[in-house]
Amino acid sequence: MKNKILQSFDEAVADIPDGSTVMFPGFGVGSPQNLIAALNRQGAKELTGISNGHGGTTGRVDVGTLIEAGQVRKMICAFTAPTHPSRITPFVQKYNDGEMEAELLPQGTLAERIRSAAAGIGGFFTPASVGTELAEGKEHREINGRTYVLEFPLHADYAFIKAWQADTFGNLQFRLAQRNFNPIMAMAAKTTIVELENEIVSVGELDPDKIHVPGIYVDRMVIIPPDGIWETGP
């Protein structure tokens, strides 16, 4: 069995090339902050990010850290406006200055496009966004008297995942808000990299009924050290 356990976050992201598409889950305890910080140190550029949001303001480690560093070319997300209009995020500043692209999606559509990639679905029709700018240029179809718009799956080269626990094969357990975009993103990428809050146990020690993502989808795992690290690049 392939060894999926790595000793550092820097090692886990070392081979990510410029131009990669990377998925970033979030919601507090579900944010893979150490992997993001490591990618910031690594310096890959021209990235396309897929995330529910675009990160916060300076001083917080999230996808906004990569945006502020000029590493992200495009964001695909459900929320583009800052939660506080008076706070200009790196994303808003760079988008307004024409330094990066953005694709806005309804939150449910974003989740379903990711899940469709995980499930091998070629596309789906949804009523979300019909009649808005978000549906312009997309195929429409009337089904049972209601208009739907065609959406396609969102695949990624890499998914950064944060989980509660795993076994040596990579079977994952999540807790609390980690069970937001983490499970579907873990299954929608070519390479899934996981940061773990707890020790890695032997195969068979996890309750099969409490495994949320099968290890077949997991490629690399790193345990978060007691100090938590999070050091970003220069």
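How do 10, 219, 207 rank when sorted from fewest to most other Cβ atoms within 10 Å of their own Cβ?
Working: 10 16, 219 20, 207 7.
Placing the least packed residue first, the sequence is 207, 10, 219.
If you keep only loop residues by DSSP, which trypsin sites (Lys or Arg not before Pro) in segment 121-157 have at most 16 other Cβ atoms within 10 Å of their Cβ? Please list the in-between numbers first.
On the way: sites: 138, 141, 146; in loops: 138.
Counting only loop positions with at most 16 other Cβ atoms within 10 Å, the trypsin sites (Lys or Arg not before Pro) in segment 121-157 are 138.
What percentages make up the Cα-Cα pair-distance distribution of segment 86-125 when the bins are 5 Å wide from 0?
Percent of pairs per bin, in order: 6, 19, 18, 13, 14, 13, 13, 3, 1.
Taking a 27 Å limit on the Cα-Cα distance, which of the listed pairs 162/210; 45/162; 4/94; 45/138 fall beyond it? The partial results should precede the final answer.
Numbers: 162/210 16 Å; 45/162 22 Å; 4/94 37 Å; 45/138 29 Å.
Listed pairs above 27 Å: 4/94; 45/138.
Alpha carbon centre of segment 106-162 versus segment 178-234: separation in Å?
26
Quick one: net charge around residue 218, please, counting Lys, Arg +1 and Asp, Glu -1 for every other residue with C-beta under 13 Å from its C-beta.
On the way: positive: 2, 4, 162, 190, 220; negative: 167, 195, 219.
Here the charged neighbours net out to +2.
Take the Cα atoms of segment 85-234, find their three principal axes, and give me the spread along each one in whole Å, biggest first.
Principal-axis extents of the Cα atoms in segment 85-234, largest first: 52, 44, 25 Å.
Hey, what angle do you get for helix 107-119 against the long axis of the chain, alpha-carbon based, 0 to 90 degrees rounded to 10?
It is inclined by approximately 60 degrees.
Which distance in nm do the two modelled labels at residue 212 and residue 139 give, with both placed 7 Å along the Cα-to-Cβ direction?
The answer from the label model is 3.4 nm.
Any chance you could get the radius of gyration and Dmax over the Cα atoms of segment 1-82, in Å?
That works out to 12.7, 45 Å for Rg and Dmax.
Compute the acute angle (0 to 90°) between the alpha-carbon long axis of helix 33-42 and the principal axis of greatest extent of the alpha-carbon atoms of the chain; round to the nearest 10°.
Value to nearest ten degrees: 90.
Can you pull the Rg over Rh of segment 39-156, Cα-only, Kirkwood?
Details: Rg = 15.9 Å, Rh = 15.5 Å.
Answer for segment 39-156: 1.03.
Could you tell me the calculated FRET efficiency between residue 96 and residue 18, based on Cβ-Cβ distance and R0 = 25 angstrom, to the nearest 0.05?
0.55
Fewest Cβ neighbours within 10 Å first, please rank 158, 148 accordingly. Provide the component values of the computation, followed by the final result.
Numbers: 158 26, 148 20.
Fewest-to-most ranking of 158, 148: 148, 158.
How far apart, in nm, are two points set 7 Å out from the Cα along the Cα-to-Cβ line at residue 27 and at residue 74?
Going by the 7 Å Cα→Cβ label model, 2.7 nm.
Compute the length gained on full extension between residue 175 and residue 199: take 0.36 nm times their separation in residues and subtract their Cα-Cα distance, giving the result in nm to one decimal. Spell out each step's value before the answer.
Numbers: separation 24, 0.36 × 24 = 8.64 nm, distance 1.45 nm.
Once the chain is fully extended between residue 175 and residue 199, it gains 7.2 nm.
Under a crude label model (7 Å from the Cα following the beta-carbon direction), how far is residue 155 from residue 121 in nanometres?
Calculated label separation equals 1.7 nm.
FYI, it's all coordinate maths here, none of it is from the lab. Since the model is a prediction, treat every value here as computed from it, not as a measurement. Don't worry about glycine lacking a Cβ; one is built from the backbone with ideal geometry, like all the others, and counts go over all protein chains shown.
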